[in-house]
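Chemist: I'd like to ask some things about the structure below.
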Amino acid sequence: MIDVADVVRWVEEKMGASLLSSNSRVYIVGSFINRPRDCNDVDLLVVLPREYCKKITVEFRVLKTEFKYKFGLPLDCLILTEKEFEQISIIIDSMLNGAHRRIF
């Protein structure tokens, strides 16, 4: 069975250097946090400076297939610039009041 630690290790292994060098904030959100056995996917929220948005988006697109093959679940990534994150902070605050875990 997949758990949060497995996802954190995988993201660190595959994207850690890129995410850390871009000062990204990465959260695991959604049902996977509390009910990994019952979830249908793994949701990540990535907040980063605008200049890294395209690069990180391309990297996640490539890795989504690998994630599905390794863990048997789809990986969904919501990637926002810092400005976008600030603009929709009410919605994001509501989402982060639920199940989440910051991993970077």
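Chemist: Report yes if Y69 is in contact (Cβ under 8 Å) with a residue 24 or more places away in the chain and not hydrophobic (A, V, I, L, M, F, W, C), otherwise no.
Modeler: So Y69 fails the test.
Chemist: Follow-up. Against the definition (among the aromatic types (F, W, Y), under 14 Å from the mean Cα position of the chain (by Cα) and outside any helix (DSSP H, G or I)), how does F32 come out, yes or no?
Modeler: Against the criterion (among the aromatic types (F, W, Y), under 14 Å from the mean Cα position of the chain (by Cα) and outside any helix (DSSP H, G or I)), F32 does not qualify.
Chemist: Could you list, in sequence order, the residues of the range 47-89 that are among the small types (G, A, S) and part of a helix (DSSP H, G or I)?
Modeler: S89
Chemist: Could you give me the residue pairs with C-beta distances under 6 Å whose first residue belongs to the range 20-39 and is farther than 21 Å from G72 by Cβ and without any contact (Cβ under 8 Å) to a residue 40 or more places away in the chain, whose second residue is among the aromatic types (F, W, Y) and surrounded by 15 or more Cβ atoms within 10 Å (Cβ to Cβ) wherever it lies, and which are 6+ apart or on separate chains?
Modeler: From residues that are farther than 21 Å from G72 by Cβ and without any contact (Cβ under 8 Å) to a residue 40 or more places away in the chain, the pairs are S22/Y52.
Read-outs: derived from the displayed coordinates by stated rules, not from any lab. Since the structure is predicted, the reported quantities are computational estimates derived from the model, not experimental observations. Here Cβ is always computed from backbone atoms with ideal geometry, including for glycine, and neighbour counts include all displayed protein chains.
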